[in-house]
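The next block holds one structure in the form of structure tokens; read it before the comments.
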Amino acid sequence: NNLPDLKCFHLQYDCLSDTYDRQILPILRRMSNIEALNLHLTIDKQTKFIDGKHMYNEIIVHMSRLRAFNFYFCTFIRLNQSTQNFSNDDILQTFPNMICQKADCMIQYRCFNVKYHLFSLPFMFDYLSFIDNTFPNIIFNHVIRLVLDDGIAFEHEFFMRIASSFPLLKVLHVLNHMPQSPMLNKINSNDNQLYLPVIEYPYLHSLDLELAHHDYAEQFLNDRKVHLPHLTKLTVYYHDLKIVTRNFTNSRTRFNCMKVKQLNLCCKTSIHSEDFYAYFPSL
């Protein structure tokens, strides 16, 4: 049955490829009179690229009254012998003008799958996931929650780009087990040899480093690298925290910890020193 009275529809959902094919697409095709559609989908175990042709043939052709279509697809495509090797231009050339005014994409071929983002511009959603070093130079004015994920290290310059591209960022989750450049870390940690600008995250209040190398705890907590005036929630391994704070005595990492009210410590100890509590006076 169609849904003739439905004029606007917003869906933000994480699912498997089978759910997208068997449940989400059939529902969308019933929205014959829809005028505004917002889709924010993360799809795992996908077997093919979602491109402009797919969206037109599988979705838009069933919506004759559609006037506004904002979309974000983050898909993980299984690599096999039949997987085609597409470039960004290959994907963007599949878009007829009727789908959206402008779109962009990111494609990262990894050893076991392809991480693929496809989105309309301007980006109208508040959440963006699994961004890596290859993200384009676009200002995402609406994004307040962000997940970073890569098998290549995130260096200081990358986080400068993040601060510039996501000016209203409030919640950040870092997934990266690769250490940063040893030379940059050594130089930038020396108060007398600083040459990299301090990065400002004026609205960031939640930082999750549970699945990140301890270099990223140093990157974010060292106030010579990053300024976090409103950080109130921190998730980090206790061992990593002890390293970067020098057992809660390092003055360079004290400022960014002062306002933390919720500290989620992974593999924590139940015994804390006086220095620990002095380091986190807002707990």
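The values are calculated or read from the model by the stated rules, or taken from the named source; none is laboratory data. Keep in mind that this is a model prediction, so the values were computed, not measured. In this analysis, Cβ positions are derived from the backbone assuming ideal geometry, glycine residues included, and neighbour counts consider all displayed protein chains.
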| Given segment 213-283, what helices (runs of 4 or more DSSP H) lie entirely inside it while holding 3 or more residues that are surrounded by fewer than 21 Cβ atoms within 10 Å (Cβ to Cβ) and modelled with pLDDT of 95 or more? | none
| remark: Exactly one of Pro179, Pro167 is over 20 Å from Asp240 (Cβ atoms) and at pLDDT 95 or above, and that residue is Pro167
| strands (runs of 3 or more DSSP E) wholly inside segment 73-183 that include at least 3 residues being within 30 Å of Arg224 (Cα to Cα) | 127-131, 145-149, 171-175
| said: So, Tyr72, is that one loosely packed, with under 15 Cβ neighbours inside 10 Å, of a type in the set (Phe, Trp, Tyr), closer than 21 Å to Phe123 by Cα and without any contact (Cβ under 8 Å) to a residue 60 or more places away in the chain or not? | reply: no
| message | Against the condition over 30 Å from Gly151 (Cβ atoms), touching a residue at least 40 places away in the same chain (Cβ under 8 Å) and in the same structural domain as Phe154 (by TED's automatic domain parsing), how does Ser251 come out, does it pass? | response | no
| query | Just one of the numbered conditions (1) more than 19 Å from Asp104 (Cβ to Cβ); (2) touching a residue at least 40 places away in the same chain (Cβ under 8 Å) is not true of Val61; which one? | reply | (2)
| note | Residues of segment 95-109 being loosely packed, with under 13 Cβ neighbours inside 10 Å and either touching a strand residue (DSSP E or B) at 6+ places or on another chain (Cβ under 7 Å) or among the basic types (Lys, Arg) (or both), in sequence order, are Lys102
| request: May I ask you to say which residue of Leu92, Leu128, Leu121 is surrounded by 13 or more Cβ atoms within 10 Å (Cβ to Cβ), within 25 Å of Leu16 (Cβ to Cβ) and under 23 Å from the mean Cα position of the chain (by Cα)? | output: Leu128
